[in-house]
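I have placed the structure first, in the form of structure tokens, so that the comments after it can refer back to it.
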Amino acid sequence: MTKKDYYEVLGIGREAGADEIKKAYRGLVMKYHPDRNPDNPEAAEIMKDLNEAYAVLSNQKKRQLYDLYGHEGLSGYSEGDLFRDVDFSGLFREFGMRDIFGFGGSILGDLFGFGRERSGPQKGADLRYDLTIALEEAALGVEKTVRLPRREVCPVCRGTGAEPDGLQECDQCHGTGQIINERRSGSSVFREIRTCRKCGGKRSIVTKSCGECEGRGVIEKIKEISITVPPGADTGYAIKVEGEGEHGKDVPGDLYVVIDVAKHPVFERHGDDLYREQEISFTIAALGGVIETTDLESNRMNLEIPEGTQTGTVLKVEGKGMPHLGGEGTGDQYVVVRVTVPTNLNEKQKELLRQFQKIAQNEDSAC
């Protein structure tokens, strides 16, 4: 996956100074933090991009490498290296956000599973699944089974990507995962610690790839998961299924099933109200009467048409809309009247209309 440009992530120019970088980061955190977007399953991913961009651009050395060589210039850094010298906890205290977000420790350690060492379990990535249902299913509620492709830790190599005899200690870092360079200047000793480029910090080299996962450490499986859609759900409604996301080092992520209600051929939904068009004859429109219509469940019901009804008149049928999500009661149904003009009249019908027209003209003249 192509990494995003850090400057574009923060919405700043390449000439931006430290204060501008911090200001841009702060504004985006206030906008996209998951605690402020509980219904947006993508908020955590957005925050990961923001944190990584800030960690690099706020550090002079890392920013210089990025400006010169792009993401390739940081290839020697592990995630821990990228975030090690950024005090996110102190930074958020400076922003005055402790009370808003309730961070007791590192924002990265507690929420997003990368950067510094963490005492809590490392969680896998969350997944999103878009589920399309019919309007009738949204009204009544429905049970759906989704087939979800996802990655799981390979049961054979347990994530190493190697056969049992296919791992060898890295001869570059001697199994430490780090390269340490020391330089003396007078009485001072300068120590540089970087991730081993050869093993990528993994401490070992794969000499024989796992046959089950072909060295990837993960395999893809299809899992069937039962989803309960409550009555009244609308497009954009998200159902969280805990523990059904990507497998992590310690615990799996969560699955977010996002509902999309398909367009109905007759009814149009506005909130919990339903709208439909209904054609009536011009005689019913003029004289009034009772016609038959149907609700969403195709139940027949009578609808009274007032005398003199015009095209576009909206008639209300109480309680025949969508159920209120998570509560009692329902919306209403609104019938939009369309008056039809008859065609292929016989001679007798035409004569009657001429007589009607003549009477109407005489009455207008008398006025």
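Coordinate-derived values only; no laboratory data. These figures come from a predicted structure and were not determined experimentally. Glycine also receives a Cβ, built like all others from the backbone with ideal geometry; neighbour counts cover every protein chain displayed.
Take every Cα-Cα pair in the chain and report what % of them are more than 28 Å apart.
It works out to 66 percent of all Cα pairs.
Zone of Thr228 (label point 7 Å along Cα→Cβ, backbone N under 17 Å): which residues in the range 122-150?
138-146
Arranged by the count of other C-beta atoms within 10 angstrom, fewest first, what order do Thr309, Thr207, Thr294 take?
So the residues, fewest neighbours to most, are Thr207, Thr294, Thr309.
Taking amide H positions as placed 1.01 Å from N in the peptide plane, with prolines and chain starts having none, which residues 5 or more places from Val218, or on another chain, fall under 5 Å of its amide H?
Excluding prolines and chain starts, which carry no amide H, the hits are Cys154.
Identify, among Thr228, Pro164, Met30, the residue whose Cα sits farthest towards the positive end of the charge dipole of the chain, taking +1 on the Cβ of Lys and Arg and -1 on the Cβ of Asp and Glu, with the dipole about the Cα centre.
Farthest towards the positive pole: Pro164.
For the range 187-236, with equal point scatterers placed on the C-alpha atoms only and solvent neglected, what are the log10 I(q)/I(0) values from the Debye formula at q = 0.13, 0.26, 0.29 1/Å, to two decimals?
Debye output, listed in q order: -0.67, -1.08, -1.12.
Going by amide H atoms built from the backbone, whose H comes under 5 Å of the H on Glu169, apart from near neighbours?
The answer is Ile205.
Calculate, in nm to one decimal, what Ala18 and Val156 gain on full extension: separation in residues at 0.36 nm each, minus their alpha carbon distance.
44.9 nm
Tell me, what ³J(HN,Hα) does each residue in the range 173-184 have, in order and in whole Hz, if you take phi through Karplus 6.51 cos²θ - 1.76 cosθ + 1.60 with θ = phi - 60° and put x for Gly and Pro?
The phi angles translate into 10, 6, x, 8, x, 9, 10, 10, 10, 10, 9, 9 Hz.
Excluding Tyr69 itself, what net charge comes from residues whose Cβ is under 12 Å from its Cβ, given Lys and Arg +1 and Asp and Glu -1?
Result for the neighbourhood of Tyr69: 0.
Calculate the dipole size of the chain relative to its Cα centre from +1 charges on Lys and Arg beta carbons and -1 charges on Asp and Glu beta carbons; express the result in debye to the nearest 20.
That gives a dipole near 1720 debye.
So how much slack lies between Ile359 and Tyr275, counting 0.36 nm per residue of separation and subtracting their Cα-Cα distance, in nm?
Additional length available on full extension: 26.5 nm.
Charges on Cβ only, +1 for Lys and Arg, -1 for Asp and Glu, centred on the Cα centroid of the chain; of Val335, Leu296, Asn51, which one is farthest towards the dipole's positive end?
Towards the positive end, the residue furthest out is Asn51.
Using the Cα centre as the reference, give the magnitude of the dipole from point charges on the C-beta atoms of the range 210-367 (Lys, Arg: +1; Asp, Glu: -1; all else neutral), rounded to the nearest 20 debye.
Charge dipole of the range 210-367: 680 debye, to the nearest 20.
Quick test of the membrane-span-like rule: which DSSP H helices of the chain reach at least 20 Å along their long axis (C-alpha atoms) with mean Kyte hydropathy at least -1.0?
Passing helices, by number: 18-32, 43-57.
Tell me, Kirkwood radius of the range 272-355 from alpha-carbon pair distances, in Å?
After inverting the mean inverse Cα-Cα distance, the result is 14.5 Å.
Could you give each residue of the range 309-315 its phi-based ³J(HN,Hα) in whole Hz, using Karplus coefficients 6.51, -1.76, 1.60 with θ = phi - 60°, and x for Gly or Pro?
Whole-Hz 3J(HN,Hα) from phi for the range 309-315: 5, 9, 4, x, 4, 10, 10.
Ordered by residue, what ³J(HN,Hα) values in Hz, to whole numbers, does the range 201-208 give under the Karplus form 6.51 cos²θ - 1.76 cosθ + 1.60, where θ = phi - 60° and Gly and Pro are x?
x, 7, 6, 9, 10, 7, 9, 9
Please label the shape of the range 19-63 as rounded, prolate or oblate, based on the square roots a ≥ b ≥ c of the eigenvalues of the alpha-carbon gyration tensor (a/c under 1.5 means rounded; beyond that, a/b larger than b/c means prolate, else oblate).
In terms of gyration-tensor shape, oblate.
How much net charge surrounds Pro230 when only the other residues with a Cβ under 14 Å from the Cβ of Pro230 are counted, with Lys and Arg +1 and Asp and Glu -1?
So the environment of Pro230 carries a net charge of -3.
Quick one: if you stick a label point 7 Å off each Cα along the C-beta vector at Leu287 and Val314, how many nm between them?
Using points 7 Å along Cα→Cβ, the separation is 3.0 nm.
Gain in length, Glu192 to Thr340, computed as 0.36 nm per residue apart minus the alpha-carbon separation, to one decimal in nm?
So the extension gain works out to 44.8 nm.
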